[in-house]
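One structure is given below, encoded as C-alpha cells.
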Amino acid sequence: MSELTERSKCVFQAKLAEQAERYDEMIVALKKLCGIADIELTVEERNLLSVGYKNFVGSRRASWRILSALEDKEKTKGRDENAAKIADYRSKVEEELEKICAEIIDMLKENLIPRMEKLESADAAETSVFYYKMSGDYYRYLSEFRASPGREEAGEKACESYGKATEIASGKNGLHPTHPTRLGLVLNYSVFHYEISNDPTKACALARTAFDEAITDLDTLDDESYKDSTLIMQLLRDNLTLWTSEVADEEGE
C-alpha cells in the first residue's frame, strides 16, 4: 500500500469517526496518520488531531469536574463514606486523563514538533504555534486536577509551551494579530493565567492587548479567516468582561 493511500485512509477513518462522535476510534486513526514517516500534517490533518484529542479528553474533564463537585457536596453534608467512594471514582478518571494527556504531549514532543522543524515548511510559524499551543493546553489540563507538586510542575511546563508559542507568533516572521491560531493561543494562555496561575491581572492584560491589536487590523482579514477570528475575539471580550468585573469586586472589598 502506498504512503498516499495509507494517509488518505487514515484521514477518511478519522473524519468518519468524528461524524459518528466515536472519538476513541478517531484517535486511533490519527495516531496511525502521525506514525507515517517523513510527512508534515496539513492544516486539515492538524485540525482533526486537535478536535479528536479535545473531545477525547473533554468528556473526562467534564466528568472530573462533576465528580469533584459531588465529592465536596458529600463532605459538606458529613457523608464521608459516600465522599470516599466518589474520590475513588474520580481517581479512575484522573488516571485516564493522565494517560491521554501524556500520549498527545509525547506525540508532539517526540514526533510532530521535531519533524516540523526538520522539514522547514513555508507555514512553519503557524505550525509551530499550533503545536506548542497544543502542548500548553494539555499540560494545563494536567494542572487542573493534579495535586502538588505535580500541579506546579505541569503548570510550569504549560507556561513554557505557551511562552514558546507566543514568542514565535509575535516574532519577525510570526503571525498577524488577527490570525485565528494566534488569537486562539492568547485565549488559552490568558485562561491559564486566570485559572491556573490565579493571576487575573496578567490574564486581563494579555487578552486586552490581543483584542485591541486585532481590532485595529480587522479589515485585513480575508473571508476564510474572518469567522474564526471574530469568534475568538468575542470569547476574549467575554472573558475580559467577566474577569475585570471580578477584579473590581475584589478590589472594592
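Histogrammed with a bin width of 10 Å, the alpha carbon distances of region 131-253 distribute as 14, 41, 33, 11, 1 percent, first bin at zero.
How many percent of the accessible area of region 137-253 is carbon or sulfur, using a 1.4 Å probe? Don't jump to the answer; show the numbers that get you there.
Values: 3130 of 6380 Å².
So the carbon and sulfur contribution to the accessible surface is 49 percent.
Expressed as a whole percent, the accessible area of region 1-41 that falls on carbon and sulfur atoms is 51 (1.4 Å probe). Inter-part distance, region 136-184 to region 11-50, computed on C-alpha centroids, equals 23 Å.
What chymotrypsin sites (Phe, Trp or Tyr not before Pro) does region 113-184 have in DSSP loop regions with at most 11 other beta carbons within 10 Å?
Values: sites: Phe130, Tyr131, Tyr132, Tyr138, Tyr139, Tyr141, Phe145, Tyr162; in loops: none.
Answer in residue order: no site qualifies.
Only the Cβ atoms of Lys and Arg (+1) and of Asp and Glu (-1) were treated as charged; on that basis the dipole of the chain about its Cα centre amounts to roughly 680 debye.
Tell me what the chain gives for mean residue ellipticity at 222 nm when only DSSP H runs of n ≥ 4 count, each as -39,500 (n - 2.57), the sum divided by the residue total, rounded to 500 deg cm²/dmol.
Details: 10 runs with 199 residues, N = 253.
So the helix-based figure for the chain works out to -27000 deg cm²/dmol.
Within a straight-line Cα-Cα reach of under 21 Å, Lys77 can be paired with the following lysines, leaving aside sequence neighbours fewer than 8 residues apart in one chain: Lys85.
Given +1 on the Cβ of Lys and Arg, -1 on the Cβ of Asp and Glu, and no further charges, what dipole in debye does region 1-126 carry about its Cα centre, rounded to the nearest 20? The partial results should precede the final answer.
Numbers: 22 positive and 27 negative charges, 113 e Å.
Using only the charged Cβ atoms, the result is roughly 540 debye.
Considering only Ala165, Leu183, Thr127, and ranking their Cα positions along the charge dipole of region 73-185 that arises from unit charges at the beta-carbon of Lys, Arg, Asp and Glu, the one farthest toward the positive end is Leu183.
Keeping every protein chain present and rolling a 1.4 Å probe, give me the accessible area per residue for the chain in Å².
The answer is 55 Å² per residue.
Find, to one decimal place in angstroms, the Kirkwood hydrodynamic radius of region 96-145, where the mean of 1/r is taken over every pair of different Cα atoms and then inverted.
Numbers: mean 1/r = 0.0881 Å⁻¹.
It works out to 11.3 Å.
Taking a straight Cα-Cα cut-off under 18 Å and skipping sequence neighbours fewer than 8 places away in the same chain, the aspartates and glutamates within cross-link reach of Lys73 are Glu81, Asp88.
The values are calculated or read from the model by the stated rules, or taken from the named source; none is laboratory data. The model shown is predicted, which means the values in this text are computed figures rather than measured ones. Positions of Cβ are backbone-derived with ideal geometry, glycine not excepted, and every protein chain shown enters the neighbour counts. Note: areas computed on protein heavy atoms with side chains; ligands, DNA, RNA excluded. Shrake-Rupley method; radii C 1.70, N 1.55, O 1.52, S 1.80 Å.
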